Every structure is written in structure tokens, then in C-alpha cells.
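Have a look at the structure below, then the notes.
The values are calculated or read from the model by the stated rules, or taken from the named source; none is laboratory data. Computed from a predicted model, the values in this text were never measured in an experiment. Backbone-built Cβ (ideal geometry, glycine too); neighbour counts: all protein chains shown. For the accessible areas, the whole protein counts, side chains as well, though only heavy atoms, and no ligand, DNA or RNA atoms are used. Shrake-Rupley method; radii C 1.70, N 1.55, O 1.52, S 1.80 Å.
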Amino acid sequence: MSVRQSLLAILNQGPCYGYQLRAEFDRRTGSTWPLNVGQIYNTLDRLERDGLVQKADIDADGQNYVEITDAGRAEVAEWLGSPVVRTMATRDELAIKLAIAVTLPGVDIAQVIQVQRTATMRTLQELTRTKNATADPESSEQLAWLLVIDSLIFAAEAEVRWLDHSESRLTRARAAGLADPLPLNTDVPKRGRPAKTVQANA
Amino acid sequence: MTGHAADSDILLQLDGVSMQYGRGETAITALAGVDLSVSRGELVAVMGASGSGKSTLLTVAGGLTPPTSGEVVVEGHWLSQLSARELATLRRRSLGFVFQDFNLIPSLTALENVSLPLELDGWTSKKAHRPALDALTIVELGDRAGHFPSDLSGGQQQRVAIARAVVGGRSLILADEPTGALDSTTGELVLRMLRSRVDAGAGAGGILVTHDARHAAWADRIVFLRDGRIVDESRASAVSSLLAGLQA
Ligand SMILES: Nc1ncnc2c1ncn2[C@@H]1O[C@H](COP(=O)(O)OP(=O)(O)O)[C@@H](O)[C@H]1O
Ligand SMILES: [Mg+2]
């Protein structure tokens, strides 16, 4: 999640203080990813360290305003102009879970898939209900919120399609006599592994 | 309709329904002990891999083929207790099928296609005209009544098929991949029509077979078929926990 760039893009509209930034982020994302104020200040510290924002005025209420720098403006333009790359480093818990589950003996993988499918479909039903209950957007906030809902709907759909795909792939692999579980490898080299009885201070 | 109709909120009930094609060694079990009910005002989606028994389920639920064992009850009528004639009448008056390939008669206009089930039930075409036009209006095609199927887009043809399935107050809609031949946006519109028909408060309900997750999500309940068995079910909760904090 690009909190850093999102906050920077908001600051590109004008100077803000911490709580104000949080409120701005929330109303633009339908409060889908609630941020706490600590996260906001941490992010602002790093943005300041990197020269993308700087301290501005303190108002009569003692609020510390932060404003964007030219380098910050350039970063916003760069962010908006480039695609979001989902790197392999993005931890995909579900993919890891299925990958591990296929290798385990005694796991009904079809059931693992079904449990996930049911949960994701329920989410999709709720998203669809919410979307259908929403009239055509009348404000920018509502429009932004609908875009977020749509994105969650498409992500859930993609997950279900991936589950269907995994299930049929697995069925074919099983039919071909593949996809046997992996027993623990007992030939692991013992070298370099500390013996249990050795104490660090012995 | 018969007095039975109003007696219960349950439109359709399948009780331990099994279906085998063929006999002996080569017999294929398409359904194995399926229990399922559909209430008035409810849209139930059926999902499952190809060959899991979805179409068979609809065929049996619609009385097109008797199950090998188990019981099908439509609006309080046990299908196994009906004569062939009674069954045909019940099907005409209570059930509407929608298929992937629309199944409209090309030589008939939209209005005539929608009138057809009523005329088969003994209505004069003049009398059938009014309810057929009403049904077309529900699917927002009142202004296309005189068009032939070839003059209509795929999505429009499917909406005519939905009008035909609900005309004359028929209450149970059985739709087998109704959006399968349509692009996503058009499919969504067809779903909206099905949904609004079920929500209209006229006591209708339906089963929607689809492999499209986004379309299945329009249903109140989703059942998952695997090898002829219902293996799981998803019911949308009234208030979404997920979205509780999300309302603007
Ligand atoms: N008329 C039939 N005769 C023999 N086997 C059939 C017939 N119809 C369906 N089957 C078999 O029954 C199983 C379920 O089919 P079907 O209900 O069409 O599944 P789905 O609609 O989920 O793809 C499949 O194995 C299919 O080959
Ligand atoms: Mg089928």
C-alpha cells in the first residue's frame, strides 16, 4: 500500500497537519485502510528526511503544518505516471498456504481450496450488495469510494478464478499420478547445525 | 394459480435427490443426495466445475427429468405424484427456464416469443398480449416488442428470454449460464433484471447456474457442487462486517 505516495499526493494540494492528513486519506479511500496518527507521523518524518516535505507554519491552535517540496512534487508526478508493480516480494499468504498444503500428506487440498472459495465468495457477495445499494455517485468522495469497491470486487473475482484454476490443475496432476505429498527430507546435511546440548556460554 | 402457492414461502425443495445416467458398470452419478430449497424472494446461485452436475440439477428441479431417487417439490406439489399432464401444466404455470443460448424462436417477434407460453396454456393471443408486454417492460424492452430476435443484441435477446420465463406470474426461474454468451457488462444487466424480478415482491425466486464469480455474487446464497454433491454454501450476511466502516 502506497501510504507514502498517497500522503505526498494529498500534500501536493496544500500544507496539512497530521490529523488533517489522516482525515483526508480516509475520506478519499472510504476508510478502507484506516491509518493511525503514529503511522502518519512516521511517514512524515521519513518524507522530511528524504527532502520531499518540510515543516511549515504552526497555526494559532498549535498545529504543525507540513508542506511539499519541489522534489516531493516530482515524486508525486512520477508515482502517478508509473504502474504499480506487484513484485514477488509481495507476500501472498494464500499462494504460500496452498503451495505448502499441496506438499503435506493427509491434507484434503480440495477442501482447503473450497474453504477459501466460500470465504471469498461471501466477501464478493457483500461487496456486490453494497455496490448495488449505492446510487450513482453524487460527490467525488462517493466516486472514489465506488472505485475502491470495484477494485475489491475485481480482486476477489481474480482470487476465485485462481482457486478454480488451481483446483483443475491439481485434479489433472493427480490424474497423471503427480502431486504426491513431500515427506520430510531425512538426508539434510547435519554439518553446521549446533548440537542441542551445546550451550552458548559453555 | 392453485391455492397451494400462497401456503408456503418455499418455492422449491429438493430432498435427497440423486440422478444417475445409464445403468450398471457405466452408470454416471450426476447428483448424489442433494438437499436444496429456494424460498420466495430468494436467488440461489449454483457454482461448480464443469461436469459437477449443475445442469442436471436444474433439469431435475424443473421436472424435465425425474430423479433416480429423492423428491422434488415445486410450490407444494410433489412432482412424483403428478400425472404427465399435471406436470406439464405445473411447468407451464410455475416454471421459467433461461438458457445460455437464449432459445428464442427466430420467426416470432419478441412479444410473440414472450406470449408463447401463455398461448400454449390456452390463452388467446389477444389476451396474452398484455401480460407479455408487461414482462417485456420489466426487462426494459417494452419498446422492442415488435422486433425479431435477429434485430436484437445478445443481451436484449437474453432479456426477452427472461421475460418469457416470468410471464404470467410464473414464480420459479431456472437459469443455466444465462450470462455465458454475453460480455461482462451486458451480463451484469441481465443479472440486474433477474435480481429485480426476484426482489419485486411478487413471490418469485430462482436458481442461477454460473461459473462467473462476479455474477454469482448477486445471489442471496451460493451453493457449491462437486461431483454431484453440495460441498459448501455461502450466505451473504445482512450487515457486512467487512464494510461496516466503509459506508461514506
Ligand atoms: N444426458 C446425459 N447422459 C449421460 N450422462 C450425462 C447426461 N447429461 C449429463 N451427463 C453427465 O453427468 C455429469 C454432470 O453433467 P452436467 O449436469 O451437465 O454438469 P455441469 O452442468 O455442471 O457441467 C457429467 O459427468 C456429464 O457427463
Ligand atoms: Mg451445464
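Summary table
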quantity: Flag for B:Gly63 being more than 11 Å from ligand 1 (Cβ to nearest atom) and within 16 Å of B:Asp176 (Cα to Cα); calculated: yes
quantity: Given (1) within 14 Å of chain A (Cβ to nearest Cβ); (2) open to solvent by 20 Å² or more (accessible area, probe 1.4 Å); (3) under 19 Å from B:Ala61 (Cα atoms); (4) not aliphatic (A, V, I, L, M), number of the condition B:Glu177 does not satisfy; calculated: (1)
quantity: Which listed residue is closer than 21 Å to B:Gly22 by Cβ, more than 16 Å from ligand 2 (Cβ to nearest atom) and open to solvent by less than 70 Å² (accessible area, probe 1.4 Å), from B:Ser94, B:Ser69, B:Ser115; calculated: B:Ser69
quantity: Qualifying residues in the range B:125-176 (those that are over 17 Å from B:Asn103 (Cα atoms) and of a type in the set (Ser, Thr, Tyr)) - the one farthest from ligand 1 (Cβ to nearest atom); calculated: B:Ser125
quantity: Residue list for the range A:8-24, filter: out of contact with any helix residue (DSSP H, G or I) (no Cβ under 6 Å at 6 or more places or on another chain) and either away from chain B (no Cβ under 14 Å) or of a type in the set (Lys, Arg) (or both); calculated: A:Leu11, A:Gln13, A:Gly14, A:Pro15, A:Cys16, A:Tyr17, A:Tyr19, A:Gln20
quantity: Residue in the range A:171-180 that is least open to solvent (accessible area, probe 1.4 Å), counting only those that are in a helix (DSSP H, G or I) and farther than 13 Å from B:Arg226 by Cβ; calculated: A:Ala173
quantity: All positions within the range B:130-170 that are touching a strand residue (DSSP E or B) at 6+ places or on another chain (Cβ under 7 Å) and surrounded by fewer than 24 Cβ atoms within 10 Å (Cβ to Cβ); calculated: B:Arg170
quantity: Matching option when the condition is of a type outside the set (Lys, Arg) and under 25 Å from B:Glu42 (Cβ atoms), among B:Leu133, B:Leu79, B:Leu108; calculated: B:Leu79
quantity: Test: B:Leu87 is more than 16 Å from ligand 2 (Cβ to nearest atom), without any contact (Cβ under 8 Å) to a residue 60 or more places away in the chain and surrounded by fewer than 20 Cβ atoms within 10 Å (Cβ to Cβ); calculated: yes
quantity: From B:Ser39, B:Ser80, B:Ser55, residue being polar (S, T, N, Q) and within 16 Å of ligand 1 (Cβ to nearest atom); calculated: B:Ser55
quantity: Helices (runs of 4 or more DSSP H) lying entirely in the range A:1-118 (those with 3 or more residues that are open to solvent by less than 50 Å² (accessible area, probe 1.4 Å) and free of Cβ contacts under 8 Å to residues at least 24 places away in the same chain); calculated: A:18-29
quantity: Any hit, the range A:131-140, residues being open to solvent by 60 Å² or more (accessible area, probe 1.4 Å), within 11 Å of chain B (Cβ to nearest Cβ) and under 21 Å from the mean Cα position of the chain (by Cα); calculated: no
quantity: Test: residue in the range B:198-212 that is within 16 Å of ligand 2 (Cβ to nearest atom), within 14 Å of chain A (Cβ to nearest Cβ), outside any loop (DSSP other than H, G, I, E, B) and touching a Gly at 6+ places or on another chain (Cβ under 7 Å); calculated: no
quantity: Residue ID - farthest from ligand 2 (Cβ to nearest atom), chosen from residues in the range B:49-66 that are open to solvent by 40 Å² or more (accessible area, probe 1.4 Å) and among the aliphatic types (A, V, I, L, M); calculated: B:Leu64
quantity: Residues being outside any loop (DSSP other than H, G, I, E, B) and either surrounded by fewer than 17 Cβ atoms within 10 Å (Cβ to Cβ) or within 7 Å of chain A (Cβ to nearest Cβ) (or both) - total across the range B:230-239; calculated: 5
quantity: Residue match in the range B:116-139 (condition: more than 19 Å from B:Val190 (Cβ to Cβ) and touching a Pro at 6+ places or on another chain (Cβ under 8 Å)); calculated: yes
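Results for (1) out of contact with any strand residue (DSSP E or B) (no Cβ under 7 Å at 6 or more places or on another chain); (2) away from ligand 2 (no atom under 16 Å from the Cβ), shown as yes or no for each residue.
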| residue | (1), (2) |
| --- | --- |
| B:Leu12 | no, yes |
| B:Arg23 | yes, yes |
| B:Leu31 | no, no |
| B:Ser37 | no, yes |
| B:Glu42 | no, yes |
